[in-house]
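I have placed the structure first, in the form of structure tokens, so that the comments after it can refer back to it.
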Amino acid sequence: MGKSKKYGIRDFINDVHLWLGLVSGIVLFLVCLSGTILTFEEEIEGWFKEDMKVEAVGTKKSISNLINDPTIQEKGILTSITIPTDETSPYEFSIKEDLKQRRGTTYDINPYTAELLAPEDTGIDKFMFSMFRMHRWLMMDIKWGRPIVGIATIIFMILAISGIVLWFPKKIKWKTVKAGFKIRTNANWKRINHDLHNTLGFYACILILIMGITGLCWSFEGYRDGLSAIMGTKVFGNRGGGPEIDLESFDSEKSISLEEAIALANKELNYEGELSVSLPNDKNPIYSFRKLADNSWSTVAQDRLQIHTSGEVVGKEIYADKPLNVKIASAIKPIHTGTIYGTFSKWIYFLACLIATSLPITGTIIYINKLKKKSKRRKSLATA
């Protein structure tokens, strides 16, 4: 009798990869499929909606005239404005139609006529929101869906790491390693399926890990706090709009208009770019500006400025001057979604997500084929 085969580390890793993949396959398929669709969310929604462009005729109305227009005021409370540099693009007004709204509804405004271009209520909006809910919570209650997606994400990261280990042959030689870089399209369908799983998984594994590391920030608060501690800066810390400000030290009697605040912001941030401003309110008398240069290399390279209603600049953050850890922490969301380098990075993420969506399918097919092969072998031994 021959020697029995020893159960080694590679066998253990293979079993971990196999059973974790089978257990989490359906969840991972749904999360990755919805993530693939969401990669080009804006573009897909744009295909089904009328292109919001305005005709540059005459002179643009002042900001004061626009915000005081009765049609706009009756919509609700204006919370923020985005002013593009393109003369044919409308302004964007974020309006809280209901105090319970967290972010408000975005309306496109013709700056030449004050015409309010109401957002189109299309089926694609509902579909995209359902994809968002699928990606984040599996369309379940947040209390249950969020941790389930988080656990599945951890499993996917383990699968990516174990998959890389299994991708390397037992005896590492260039000839055997090179075979793992390509798909043999002239082979039988079982071999092609194996190569699709093995080779495409290898190419996508780094981005899968990046998406997993960043994605867990939404699933587990403790993980987000731990990552913040490791990075030395708070993840999602800039969403509040700047540093803490001692409001009592400013002249509350003096007040500048929104137009004066915008002029001051453009003077402080003296370059061409899209300017967004969150408006002050009773609790926070601060104009919070964000500006992205038209020639910016990244969608997150925004400079920030805070101006008190008295007209005093109370905070200024230039993106180029920020330390690397703060830049990375502030870019967690665009790093996760692939928007960090615009369309270029979106296409890369789309392909990686598409591959990730296919992996549970091709992996399950590999497992089924092995079961059939073992069954045939047992039958042949039984009849021998």
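Brief remarks follow.
- Breaking point among (1) at pLDDT below 95; (2) surrounded by fewer than 17 Cβ atoms within 10 Å (Cβ to Cβ), for TYR203: (1)
- Screening LEU275, LEU269 for residues that are over 19 Å from THR79 (Cα atoms) and either touching a Cys at 6+ places or on another chain (Cβ under 8 Å) or touching a residue at least 24 places away in the same chain (Cβ under 8 Å) (or both) leaves exactly one candidate, LEU269.
- Looking across region 297-316 at every residue that is open to solvent by less than 40 Å² (accessible area, probe 1.4 Å) and within 23 Å of the chain's Cα centre (by Cα), the one that is modelled with the lowest pLDDT is identified as SER298.
- Candidate set from region 317-336 (those that are in contact with a Gly (Cβ under 9 Å, 6 or more places away or on another chain) and of a type outside the set (S, T, N, Q)); member that is farthest from PHE289 (Cα to Cα): HIS336
- Segments classed as helices (runs of 4 or more DSSP H), wholly inside region 258-347, with at least 1 members that are closer than 30 Å to LYS61 by Cα: 258-268
- Members of region 155-170 that are without any contact (Cβ under 8 Å) to a residue 40 or more places away in the chain and either in a helix (DSSP H, G or I) or open to solvent by 70 Å² or more (accessible area, probe 1.4 Å) (or both): TRP167, PHE168
- Qualifying positions in region 281-297 - touching a strand residue (DSSP E or B) at 6+ places or on another chain (Cβ under 9 Å) and over 20 Å from LEU264 (Cβ atoms): ASP294, ASN295, SER296
- Candidate set from region 124-154 (those that are touching a residue at least 12 places away in the same chain (Cβ under 8 Å) and within 30 Å of GLN73 (Cα to Cα)); member that is most open to solvent (accessible area, probe 1.4 Å): ASP125
- Scan of region 337-358 for residues that are under 18 Å from LEU18 (Cβ atoms) and open to solvent by 20 Å² or more (accessible area, probe 1.4 Å), ordered by number: SER358
- If you filter region 73-100 down to residues that are assigned to a loop (DSSP other than H, G, I, E, B) and free of Cβ contacts under 8 Å to residues at least 12 places away in the same chain, you find that the one that is most open to solvent (accessible area, probe 1.4 Å) is LYS100.
- Filter result (over 20 Å from LYS370 (Cα atoms) and open to solvent by less than 80 Å² (accessible area, probe 1.4 Å)) within region 171-199: THR176, VAL177, ALA179, PHE181
- Candidate set: region 282-296, residues that are of a type in the set (Ser, Thr, Tyr) and at pLDDT 90 or above; chosen: the one surrounded by the most Cβ atoms within 10 Å (Cβ to Cβ): TYR287
- Matching residues, region 210-224, being part of a helix (DSSP H, G or I), open to solvent by 40 Å² or more (accessible area, probe 1.4 Å) and either under 19 Å from PRO169 (Cβ atoms) or not charged (D, E, K, R) (or both): ILE210, ILE213, TRP218, GLY222, TYR223
- Close pairs (6 angstrom Cβ cut-off, 6 or more residues apart or separate chains): among the charged types (D, E, K, R) in region 335-360, not in a helix (DSSP H, G or I) anywhere: LYS346/GLY338
- Condition met for MET134 (modelled with pLDDT under 95 and either not polar (S, T, N, Q) or not in a loop (DSSP other than H, G, I, E, B) (or both)): no
- In region 16-44, the residue that is farthest from LYS333 (Cα to Cα) out of those that are open to solvent by 50 Å² or more (accessible area, probe 1.4 Å) and either among the acidic types (Asp, Glu) or assigned to a loop (DSSP other than H, G, I, E, B) (or both) is GLU43.
The values are calculated or read from the model by the stated rules, or taken from the named source; none is laboratory data. No experiment lies behind these values; they were computed from the predicted model shown. So basically every Cβ, Gly included, is an ideal-geometry build from the backbone, and we count neighbours across all protein chains shown. Surface areas here come from the heavy atoms of the whole protein model, side chains and all, with no ligands, DNA or RNA. Shrake-Rupley method; radii C 1.70, N 1.55, O 1.52, S 1.80 Å.
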